[in-house]
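Contents: one structure, followed by commentary.
What follows is calculated from the coordinates using simple rules that are stated; it is not laboratory data. Computed from a predicted structure; not experimentally measured. Methodologically, a virtual Cβ is constructed for each residue, glycine included, from the backbone with ideal geometry; neighbour enumeration extends over all protein chains shown.
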Amino acid sequence: MDQNLRVLFDRALADEPDLPSPDLAEEAMAAGTSLRRRRQRLAAAGAAAVATIAAVGAVNVATPPQRSGPPPTEVPAAFGMLVNKACEFPARETATDASVFLDHDITDQQRGAVNRALDADPAVGALEFESREEALARFQKMYADAPELVAAVTSDQLPESFRITLDGRSQYAKLADRVERMPGVDEIIGIDCPAGTNASAVD
């Protein structure tokens with residue numbers, strides 16, 4: 001992931017207001033712990049670059065570093081995976097929802113096969129495909145109070161995904177076993193959302 005984006009995300013998290021209820025605070029702390037672990041793994045290779053950027057106080061989002069190959073697909077994980085802030089993730093036994101993130105270079109044939117498999121899967125109660133452009137639009141709404149962060153993220157940094165409402169809390173493990181090794185699938189994440197909401201909702 002682009003080091004500049006991580007710096008901006010850290011700043012956005014630092015500016016988050018206090019949550020009004022202890023339950024919501026506990027959920028936010030659990031999500032924050034997961035995000036911190038992911039950031040620590042990603043930071044190992046780029047700690048020196050981040051320190052240099054912080055020292056000079058220059059975050060250049062207009063001209064990000066050039067890289068070969070497809071754009072990174074780590075942005076949604078680092079940015080809360082575009083998950084409703086009321087939900088907890090990752091979850092397994094208690095998952096009510098799931099997100100199936102697709103490889104950046106997925107083919108039309110692979111995407112169609114994943115779609116058909118999910119549509120026919122008994123664990124899936126509701127299924128919705130989300131394009132990169134739709135993911136960006138939702139990201140912009142979720143982080144509207146962090147304009148620097150929003151300006152630094154483009155649609156090609158966000159993967160396509162299938163958003164799933166599970167047909168019962170016990171269904172995630174079996175679904176993950178069936179889906180995670182399919183060609184074109186990057187990863188599947190289980191999400192636990194409160195009753196009456198889902199992982200795609202924007203606060």
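Quick notes
- Residues whose amide H falls under 5 Å from that of GLU187, counting only those 5 or more places apart or on a different chain, are PHE101, with hydrogens built in the peptide plane.
- Zone residues, region 106-124, relative to SER170, backbone N less than 18 Å from point 7 Å out along Cα-to-Cβ: 122-124
- A Förster radius of 22 Å, combined with the Cβ-Cβ distance separating LYS85 from ASP156, puts the computed FRET efficiency at roughly 0.35.
- If you take all other residues with their beta carbon under 11 Å from the beta carbon of GLY184, and give Lys and Arg +1 and Asp and Glu -1, the sum is -3.
- Environment charge of GLU130, counting only residues whose C-beta is closer than 10 Å and scoring Lys/Arg +1, Asp/Glu -1: -1
- Here's how it looks for PHE129: its modeled amide H is under 5 Å from those of ARG163, which are all 5 or more places away or on a different chain.
- Here the spin labels are modelled as points 7 Å beyond Cα on the Cα-Cβ line, and at ARG178 and PHE129 they lie 1.9 nm apart.
- Were the residues from ALA120 through ASP105 laid out at 0.36 nm apart, the gain over their Cα-Cα distance would be 3.0 nm.
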